[in-house]
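Structure first, then comments.
FYI, it's all coordinate maths here, none of it is from the lab. These numbers were taken from a predicted model, which means no experiment stands behind them. For neighbour counting, all protein chains shown are included, and Cβ atoms are generated from backbone atoms with ideal geometry for every residue, glycine included.
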Amino acid sequence: MPTITELRASYQSGDLTPGDAIRTLSKTIDNTDGEIKGYISYDTDAALAEAQNVDLSLPLGGVPIAIKDVINVKGQPCTCGSNFLDQKYTAPYDAGVIKKLRAAGAIPFGRANMDEFAMGSSTENSAIQTTRNPWDTSRIPGGSSGGSAAVVAANEAIAALGSDTGGSIRQPAALCGCVGLKPTYGRVSRYGLVAFASSLDQIGPMTQTVEDAALLLQAISGHDAHDSTCVKDAVPDYSSFVGQDIKGLKIGLPKEYFAEGLDAEVKNTVEAAIAQLESLGAEPVEISLPHTEYAVATYYIIATAEASTNLARFDAVRYGRRAPDADNLIDQYRRSREQGFGEEVKRRIILGTYVLSSGYYDAYYLQAQKVRTLIRKDFTEAFEKVDLIASPVTPTPAFKIGEKSNDPMAMYLADIYTISANLAGICGISVPCGFTQSDDHKPLPVGLQLLGKPFAEGDLIKAAHAYEKSTTWQKTAL
Ligand code: GLN
């Protein structure tokens, strides 16, 4: 598929119209999505109708963007990958990011599959379908934005939006070989994003190139009066960071991120990428993020606590699947939630309710908040010495479907390198940095993670683009 930049150029030269692009996408989806299962639904006619009135002079004029099925688009279903909402809920309004996308001329097209309510790392928790990794369809595409990553990688989308609470943009991007950027908390509006953990959630771009990530981030960033955590600061011109050189940029290598548990193939690939950054003029500096070992535990207390309160709104009164034959109102809530939520969602509601309950609140929730502060301080101190931090995105390449689905702890550990950025509120990007070389399996994509200071998305774009331009990974066709 053309990139956003290429597509815009074909519109400008008159070689293609947005209608052509949507029809081509739709045909490709018809041909390949039966196997990939990246989309929950898509409405070609609605997108074609929108394409007729689009202003091609706008920054994303006529560009179709796939949307993770947790972001409200007016008039379209929004299932959140859950039986609770499955095709029974139609979004009554556009999310903040969708309003901004439309203002930039983009056309939301297709609802991308995800783990139920964004809880998971493989999309196996979707109640609707399990998405397959386009590089090896016996493997997971990552999660929770696995559908968004897979459709970009499988040439079924130009670009997509995902959401990242603990790694859900960067991890699937790494495992599917595309670019995924998690903005700083507060950079992008969360209005109309169905909430998982409100102090951690951010929406961000998933694209074929870093240049496209800059364009899409530009379009969705900025203040939204409907989200009080979304900052008012001016949005920098992200595309101006594309093409800047990185001489003298100090890149921190946290020793805790290259320790035990990191797959040798991933380690070698990421180390080669860091050597490449060095050859481009960056200066590697060894650093320490000493509280890393507590990040998974801290995240799974805070995220589940917030999820348990956020998901209390699903009562099946105004929307969602209502259980039949309830005896009374309380029974209706109980049965609807029992029948509507999947196992992982229930596990998290129970865990979250427990850590917030009186008697355990201080021991778990309050303690986790204190450790969160220490994790944030680790980053503040590191960023006094370095401009960016580089690391792997995931400890292993894409694993087999079913391999970890009965072991929640193993699944949670897959987030070890990504969740700290959410706890600290900083920004991060995953950029493709090569493939595994083992003879035991097909070549699988590996991602390089770059983490930046709060609101320094421009630095991520600068370094990721310099790296991308100096390699051929982005052009490696599926
Ligand atoms: N895998 C993590 C979890 O299950 C992160 C999910 C996310 O970022 N939405 O919570």
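How big is D for the chain, in µm² s⁻¹ as a whole number, if Stokes-Einstein is applied with the Kirkwood radius of its Cα pairs at 37 °C and 0.692 mPa s? Rounded, D is 149 µm²/s.
Placing a pseudo-label 7 Å from each Cα along the Cα-to-Cβ vector at S199 and K400 gives an inter-label distance of 4.0 nm. Counting only DSSP beta bridges whose two residues both lie in the stretch 30-152, roughly 50 percent are antiparallel. Straight-distance candidates among the aspartates and glutamates for linking to K247, with alpha-carbon spacing under 15 Å and chain neighbours fewer than 8 residues away dropped: E278, E283, D387, D459.
About the Cα centre of the stretch 213-340, what is the dipole size in debye to 20, counting +1 per Lys and Arg Cβ and -1 per Asp and Glu Cβ, all else neutral? About 560 debye. Farthest toward the positive end of the dipole of the stretch 111-189, out of M119, L181, Q171, is the Cα of L181, where the dipole comes from beta carbon charges about the Cα centre.
Name all residues of the stretch 286-307 having a backbone nitrogen under 17 Å from the label point set 7 Å from the Cα of K250 along its Cα→Cβ direction, giving them as ranges. Only 286-290 pass the distance filter.
Would you please state which residues of the stretch 123-167 a label at K442 would reach in this model, taking the label point 7 Å out along Cα→Cβ and a backbone N cut-off of under 12 Å? Label zone hits: 132-141, 154. Taking a ≥ b ≥ c as the square roots of the Cα gyration tensor eigenvalues, with a/c under 1.5 meaning rounded and otherwise prolate when a/b beats b/c, else oblate, which class fits the stretch 397-461? Verdict is oblate for the stretch 397-461. Size descriptors for the stretch 61-144, from the alpha-carbon set: Rg then Dmax equal 13.5, 39 Å. Note on E283 and K346: the extension gain reaches 18.1 nm, defined as 0.36 nm multiplied by sequence separation minus the Cα-Cα distance. For the stretch 313-372, what class follows from the C-alpha gyration tensor (a ≥ b ≥ c being the square roots of its eigenvalues): rounded when a/c is under 1.5, otherwise prolate if a/b is larger than b/c, else oblate? Judged from the Cα gyration tensor, the stretch 313-372 comes out prolate (a/c at least 1.5, a/b above b/c). Close amide H pairs (under 5 Å, H built 1.01 Å from N) link I287 with L253, K255, residues at least 5 positions away or on another chain.
Net charge near R187, counting Lys/Arg +1 and Asp/Glu -1 over other residues with Cβ under 14 Å of its Cβ?
Local charge sum for R187: -2.
Which values of log₁₀ I(q)/I(0), to two decimal places, follow from the Debye formula for the stretch 151-262 at q = 0.13, 0.19, 0.21 Å⁻¹ with a uniform point scatterer at every Cα? Debye curve over Cα of the stretch 151-262, log10 I(q)/I(0) at q = 0.13, 0.19, 0.21 Å⁻¹: -0.59, -1.12, -1.23. For the stretch 17-120, the Cβ-based charge dipole about the Cα centre amounts to some 280 debye (Lys, Arg positive; Asp, Glu negative; other atoms uncharged). You can think of it this way: the chain between S41 and A264 has 76.5 nm of extra reach, that is 0.36 nm per residue less the Cα-Cα gap. For K88, a cut-off of 24 angstrom between C-alpha atoms picks up these lysines, skipping any fewer than 8 places away in its own chain: K37, K68, K74, K99, K346. Across the stretch 72-85, coupling constants 3J(HN,Hα) worked out from phi with the 6.51/-1.76/1.60 Karplus curve, θ = phi - 60°, read 6, 10, 3, x, 9, x, 9, 8, 6, x, 10, 5, 4, 10 Hz, and Gly and Pro carry x. One equal scatterer on each Cα of the stretch 101-214, no solvent, Debye formula: the resulting log10 I(q)/I(0) at q = 0.15 Å⁻¹ is -0.56.
Note on the chain: with charges restricted to the Cβ of Lys and Arg (+1) and Asp and Glu (-1), its dipole about the Cα centre is near 840 debye.
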